[in-house]
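Report on the structure given below.
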Amino acid sequence: MKRVFIIHGWGGFPGEGWFPGLKKELEKKNFKVEVPSMPDSEHPKIETWIPFLKKVVGKLDEETYFVGHSIGCQTILRYLEKENKKCGKVILVAPWMNLDKNTMNEEEYEETLTACIKYECSCGYKGEIEVPFKRKKVMRLDEEEGKKKAVEALVFECEKCKKKFYITKKMK
Ligand SMILES: [Zn+2]
């Protein structure tokens, strides 16, 4: 049985726009068509949409087809990425593929951020560098206590002399 899943976008719903017409045409061609109402459509979260889609689809095989609209496209591809199985075909309509703070959890979002830092190194080099905004745990000597402590810092190297910089202060 060939199945088609039509996945709507942000603020979408099963009866929206071209979904009912497409559903009807595909049913004429003997596809079983489902247009699930995705959870909390006004506030789509990729982390809830993927498991929801997985549940709706059930057994994924080469007779499973997907049509996505907008953020529905991202949901389909991220779902398939995790399944690691072959599906029939995927059709993406006006795909919205970027994760942003509306569609991903906070931690993942932080990992995509970068900070642009201007620095002046003791070797005399003045540079500007883009580094991941997310701080890493590093061992640094605490000068007051005189021993090493784990701190969260942005770490980068001078582009000329490779001296390491650690920024532990929170930036605005
Ligand atoms: Zn330097």
- request: From GLU27, GLU62, grab the single residue that is at pLDDT 95 or above and touching a Cys at 6+ places or on another chain (Cβ under 7 Å).
  value: GLU62
message: Condition first: buried (at least 17 other Cβ atoms within 10 Å of the Cβ) and closer than 18 Å to PRO95 by Cβ. Now tell me which residues in the stretch 1-35 satisfy that.
response: VAL4, PHE5, ILE6, ILE7, HIS8, GLY9, GLY12, PHE19, LEU22, VAL35
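Which of the residues belonging to the stretch 58-96 are over 17 Å from PHE19 (Cβ atoms) and not charged (D, E, K, R)?
Restricting attention to the stretch 58-96, the residues satisfying the condition of being over 17 Å from PHE19 (Cβ atoms) are 58-64, 74, 77-89.
Once the filter is applied, which keeps residues that are over 17 Å from PHE19 (Cβ atoms) and not charged (D, E, K, R), the stretch 58-96 yields GLY58, LEU60, THR64, GLN74, LEU77, TYR79, LEU80, ASN84, CYS87, GLY88.
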task: Report, by residue number, each residue of the stretch 40-58 that is modelled with pLDDT under 95 and either assigned to a loop (DSSP other than H, G, I, E, B) or not assigned by TED's automatic domain parsing to the domain that holds GLY11 (or both).
output: ASP40, SER41, GLU42, HIS43, PRO44, LYS45
- prompt: When you look at GLU63, is it in contact (Cβ under 8 Å) with a residue 60 or more places away in the chain and more than 22 Å from SER37 (Cβ to Cβ), yes or no?
  reply: yes
- line: Expected single match for over 30 Å from VAL35 (Cβ atoms), at pLDDT below 95 and either exposed (fewer than 12 other Cβ atoms within 10 Å of the Cβ) or in contact with a helix residue (DSSP H, G or I) (Cβ under 8 Å, 6 or more places away or on another chain) (or both) among LYS86, LYS164, LYS101, LYS82 is LYS164
query: Is there any pair linking a residue in the stretch 71-86 that is in contact (Cβ under 8 Å) with a residue 24 or more places away in the chain to one that is of a type in the set (D, E, K, R), with Cβ under 9 Å and at least six apart or on different chains, and which?
result: TYR79/LYS54; LYS82/LYS54; GLU83/LYS54; LYS85/ASP61; LYS85/GLU62; LYS86/ASP61; LYS86/GLU62
task: Tell me, yes or no, whether the stretch 41-48 has at least one residue that is farther than 17 Å from TRP96 by Cβ and not small (Gly, Ala, Ser).
output: no
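The values are calculated or read from the model by the stated rules, or taken from the named source; none is laboratory data. Predicted model only: the values in this text are computed from it and were never measured. A quick note on method: Cβ atoms are made from the backbone with ideal geometry, for glycine too, and the neighbour counts reach across all protein chains shown.
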